[in-house]
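Take a look at the structure below.
The values are calculated or read from the model by the stated rules, or taken from the named source; none is laboratory data. Since the structure is predicted, the reported quantities are computational estimates derived from the model, not experimental observations. So basically every Cβ, Gly included, is an ideal-geometry build from the backbone, and we count neighbours across all protein chains shown.
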Amino acid sequence: MIRELVSPLVWHKLAWSLLILLVVPLAHSLAVVAARLASGNQPKSHGLFWTRQISSLVGLFGGAAALFAVWVDMGQGKALPLGLLSAGIAVALQKVWTSFAGYLVLLSGRIYTVGDRVSIAGVRGDVLGLGFLYTRILEMGDPAPPGQRDIWVGARQFTGRIVTLTNDTIFDVPVFNYTREFPFLFEELIIPIKYGADRQRAETILLRAAEEHTKDVRAASPEALKRLADEYQVEGMDVSPHVYYRLTDNWVELTLRFLVGEHGIRELKDRMSRDILRDFEAAKLSLASGTYEIVGLPTVHVETRE
């Protein structure tokens, strides 16, 4: 009964459509399996990730084009209505198209990719997933003042939340990438000491702590510095620890500047702070604080009634 109601041409198109819907996912699965075997079955392999992305992209466009060719008859007089329909769909799905355009830009890997540590649209963390429309980020803490954001971790450590952003965000706001070209950061520790204290001794302690705890990072940095210089002509970047002075009304502010890796910064600064505090106590150096000394009071007259 149904066979008599449906023309042979429609059955032919249905058969081709079914074949396309079977072949496209099968081809994608075979490509992923081949990439998994080539990467030694490592789930975080970049080759596996990009194989998934490119295979999905080719399957989406190839399958859509094949189905379009099967079902759409571009006969005389049908091009204009189809064009109007396409324009209406494009306007209605503008956000979707711009997000997909952002995905195509991200495929270059020049802005960020999976595994990069980024800060975008006020969200800072590691990129977990990159899809056609969305980017998913494992959120890190933020040193912003309490109350400005719903963040309870005040350092570069994970909060446990996964944040989803549309890919078109890259067209509207700056993207800060911590790891793409130069996987190191410059950090600072600010130590206030009293005027009259042994500043040279304090500076020696700070430099020794930084040199001891960042020697592995500094040993790994020359290669990254060379790549940065070759690609962007950035030269003269000194990665050795330095101490800078700043005079304030209450104390001498010593700022220790040093190079760190993109991960484990809080733990590194914690170890350095413990060593600095121990050495300051051994050298009898006191940290300055915002306390005030009262040097005089006006005369107070007290009257009593009997």
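Conditions (1) at pLDDT below 90; (2) touching a Ser or Thr at 6+ places or on another chain (Cβ under 6 Å), marked per residue:
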{"site": "Glu262", "(1), (2)": "yes, yes"}
{"site": "Lys284", "(1), (2)": "no, no"}
{"site": "Ala288", "(1), (2)": "yes, no"}
{"site": "Thr304", "(1), (2)": "yes, no"}
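Tallying residues that are over 20 Å from Lys194 (Cα atoms) and loosely packed, with under 12 Cβ neighbours inside 10 Å within region 229-263 yields 7. For Ile170, the stated conditions do not hold, so it cannot be described as in contact with a strand residue (DSSP E or B) (Cβ under 6 Å, 6 or more places away or on another chain) and of a type outside the set (Ser, Thr, Tyr). For region 157-177, a residue qualifies if it is at pLDDT below 90 and closer than 15 Å to Arg110 by Cα, but none of them does. Close contacts from region 202-216, counting a first residue that is surrounded by fewer than 18 Cβ atoms within 10 Å (Cβ to Cβ) and a second that is of a type in the set (S, T, N, Q) and not in a helix (DSSP H, G or I), with Cβ to Cβ under 7 Å and a gap of 6+ residues or different chains, come to none at all. In this structure, is Arg180 under 30 Å from Gly59 (Cβ atoms), at pLDDT below 85 and among the basic types (Lys, Arg)? It is true that Arg180 is under 30 Å from Gly59 (Cβ atoms), at pLDDT below 85 and among the basic types (Lys, Arg). When we screen Leu189, Leu256 for residues that are of a type in the set (A, V, I, L, M) and touching a His at 6+ places or on another chain (Cβ under 8 Å), the only hit is Leu256.
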